[in-house]
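Every number here is computed from the coordinates shown, using simple stated rules; none is lab data. Predicted model, so just to flag it, every value in this text is computed and none were measured. Glycine also receives a Cβ, built like all others from the backbone with ideal geometry; neighbour counts cover every protein chain displayed.
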Amino acid sequence: MKRFDLRHLKNDFYERMLELLDKQIAPQEVAIIMFEIGDFSNIQKSADVIYEAGYTLMNSIKFNEVDWTLVVKKVKPEPRPVAEESAKDE
């Protein structure tokens, strides 16, 4: 397990987060990533970015008043439920 503090990047942490997951984390290993909440849209966007990159988001929690923590495992995520996919088509 490795921990990465990306709070200093403010809202521009996505590219660095993926780079670290790609290069610093071994298959099946877990990473803890901290980022500054800023705009709350960062929370959902980070979950989407992790899923689309092919990793599993194990947990996403508020660390304190301004920081958020993600727990990510370097394994392929389970497919999203069909009901969620069909709701997007509407």
Using only Cα atoms, figure out Rg for the chain and give it as a multiple of 2.2 N^0.38 Å. 1.10
Starting from 0.36 nm per residue, how many nanometres of slack lie between K23 and V75 once their C-alpha separation is accounted for? 17.3 nm
Do you know the relative contact order of the chain, to the nearest whole percent, from alpha carbon pairs under 8 angstrom that are 6+ apart? 29
Between the modelled labels at R3 and F63 (7 Å from Cα along Cα→Cβ) the distance in nm is 0.8
